[in-house]
1. Could you identify the single residue in Leu127, Leu131, Leu160, Leu139 that is touching a helix residue (DSSP H, G or I) at 6+ places or on another chain (Cβ under 7 Å), part of a helix (DSSP H, G or I) and more than 17 Å from Ala58 (Cα to Cα)?
2. Residues Ala91, Ala82: which one is crowded, with 16+ Cβ neighbours inside 10 Å and at pLDDT below 95?
3. For Val29, work out the one condition from (1) among the β-branched types (Val, Ile, Thr); (2) free of Cβ contacts under 8 Å to residues at least 40 places away in the same chain; (3) surrounded by fewer than 19 Cβ atoms within 10 Å (Cβ to Cβ) it doesn't fulfil.
4. Can you give me the number of residues within region 150-170 that are modelled with pLDDT under 90 and within 18 Å of Ala87 (Cβ to Cβ)?
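The values are calculated or read from the model by the stated rules, or taken from the named source; none is laboratory data. Computed from a prediction, not measured in an experiment: that's the story for all the values here. We place every Cβ from the backbone using ideal geometry, glycine too, and count neighbours over all the protein chains shown.
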Amino acid sequence: MPRSDRLGAACGAIGIVGNVLGVLFLGEVPGAYRPGSLDAWAAGSLAHPVATVASAAAFAVGLVALAGWSTALGRRTRRPLARAGAAAMAAGAIVNAAGAVAPAVLVLHVRPACEAGACLPLARALLGLTLSLDALFNLLFGAGLAAAAGSLVAGERRPLLGGLGVAAGLATLPVSLQVVSDTAARWLVVAAPLWLAFVALSSVLLWRGRRVTPAVASGGPDEALARSR
């Protein structure tokens, strides 16, 4: 049995908490992460600076943690597609963590230097950057999750968990169109609970030392190596 990866499991838990808190902190900020409501998002961010900074910090920490969880997931398999999928998820999370701080930059550094209404063009630019990098995250994370989880189905080791991961990944892909579509942004209500559930269940397996993804095809020399560890 593989060793427990409690650091990877903890990263998964922190990733879940950070992303959930990031959404909750934006409860009073209208239009957040919707391309058709950038002006309302900007006005709401400037009106609620504490909530905006708290949300940005929560998202940034949660996304960096998700990158750690994705890396831990990748270490549990030698299947090239699964490892590539885990790497894509990690890359998307890191890129999105960088973009998540732009609203905090708006309220902490831009707002004090702007007179009433003068911040709007720069605010739209910063929030548009955040939205674009979040869309890229959903593209990379969705595709990577579908690829990594697909190996669970193909290997018939954890088909139910794999099916959940594939469904979560495919459901997340349309959200990448959020940069131009409010409808795509709203689809996150469907996608997010699915991938959060996959992160939670896989983190439990990492904590217990269970293999999340099949390591190799049975009977090969790599399997003997894996068993010897």
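1. Leu139
2. Ala82
3. It is condition (3) that Val29 fails.
4. 3
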